[in-house]
Amino acid sequence: MDSAKDKHTGQIVDGEQLWYINNVDKDAYVCRGCNVPINPVSYEKGLKRRPHFRELNGHPHKGWCKIEGEIELIKKAKKQKITTPQGFPASFPNKLELIGERDKIDKEKSNQADDNLAKRTSSQSEEGSNLSTTTSKWTARTIRPICRTYCNFPKDRDLPLLISNLYGDTYNDVIRRLSSKEIVIYTKNHLLYAPLGWQKIHKDNDKLIIYLGYGYWINNKLIPYKVQVNIGDWSKSKINYVLEELNIAIYDSKQVKDKDKKTKVKSWLFFIGEQSLDSPEIFIVNDHRLICCLTLEMKSY
Ligand SMILES: [Zn+2]
């Protein structure tokens, strides 16, 4: 499983966020569908494997839990639209909210209220409610679950999504693939994505420079788009967290290409950044929650 719920805060945690936690509490995580305990795995650094969550022996999901069903649903969703007149049959994030440390506590309290509501809804269906589908929308704290939803449900990108300061109110409008062959000056703000380049990430005291696989081609040479991540005031663990993910994504895309030259699987970089006015091939990102990588075959709408 890619994500789980922190039983103390009620927040949904992506596996990759475990890289950012120094001492992972193995007992803190439960299934985000049915609250059975689950185990965080592969979170030690340097494993060349993304952290994720695994079911515990003796703690199967509850009969009404939708999480196991989601895997089947995602397989189906790659080929066809799964939204029905009754709605979208899985839970998904419909907005992004970045919360600072200061307002964390209040937000967490209100999250718990949401969770109680979700629990009531779950137990209602357990008792045999006639609702065939219940949509549950939730608020993402990083762009990662949003990017995952975009990739997992390619034919359902008309799902609602709101990210402040970005254009559009559906997944399809908010999220844009960068132009593969030219440097475009974007007049609207989007959550952008492109394949990661294989060049080593440049790192100095103030910034990381990430090279993308798209950009302007001249004489068979690529002048790539670049993402500049400003890390001047970041903690060491935050920098390592971002670097770890980038390096694993580059490694993964090389591995899949080595195994199968014709593979359509790539590592994609997703980000929300500001395009530089002087050098439009550069996008500037300041927050680690606004950047993530996913390795997969990108299906179109
Ligand atoms: Zn479950």
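A dipole drawn for the chain from +1 and -1 charges on Cβ atoms has a positive end, and of I163, M1, C31 the residue lying farthest that way is M1. A protection proxy built from the mean count of other Cβ atoms within 10 Å ranks the segments 173-185, 255-267, most packed first, as 173-185, 255-267.
Among beta bridges identified by DSSP and lying wholly in the chain, the antiparallel ones come to about 75 percent. What separates the Cα centres of the range 153-227 and the range 6-42 is a distance of 30 Å.
Within the accessible surface of the range 12-97, defined with a 1.4 Å probe on protein heavy atoms only, the carbon and sulfur portion equals 49 percent. Given a Förster distance of 51 Å, report the FRET efficiency between E55 and S179 from their Cβ-Cβ distance, rounded to the nearest 0.05. For R0 = 51 Å, the calculated efficiency reads 0.75. Taking 20 Å as the straight-line reach from the Cα of K7, the lysines in range (excluding those fewer than 8 positions away in the same chain) are K26, K62, K66, K104, K107, K109, K119, K137. Placing dummy labels 7 Å off each Cα toward the beta-carbon, the span from S237 to Y301 is 4.0 nm. Only helical runs count toward this figure. For the chain, summing -39,500 (n - 2.57) over DSSP H runs of n ≥ 4 and dividing by all residues gives -7500 deg cm²/dmol at 222 nm.
Accessible area per residue, 1.4 Å probe, Å², for the chain: what's the number?
Values: 16410 Å² over 301 residues.
Spelled out: the 1.4 Å probe surface of the chain, per residue, equals 55 Å².
A prolate overall shape is assigned to the range 1-96, the ratio a/c of its alpha-carbon gyration tensor axes (a ≥ b ≥ c) being 1.5 or greater and a/b exceeding b/c. Antiparallel beta bridges, as assigned by DSSP with both residues in the range 142-301, represent about 80 percent of the total such bridges.
Heavy atoms only, probe 1.4 angstrom, no DNA, RNA or ligands counted: give me M298, M1 ranked by accessible area, highest first. Show your work: numbers first, answer last.
Working: M298 25, M1 50 Å².
Descending order: M1, M298.
Charge dipole (Cα centre; +1 on Lys/Arg Cβ, -1 on Asp/Glu Cβ; no other charges) of the chain amounts to roughly 1060 debye.
The values are calculated or read from the model by the stated rules, or taken from the named source; none is laboratory data. Treat the numbers as computed from the prediction; the structure is a model and nothing was measured. Here the Cβ is made from the backbone with ideal geometry for all residues, glycine too, and neighbour counts use every protein chain on show. When the accessible area is computed, the model is the full protein with side chains, heavy atoms only, and any ligands, DNA or RNA have been set aside. Shrake-Rupley method; radii C 1.70, N 1.55, O 1.52, S 1.80 Å.
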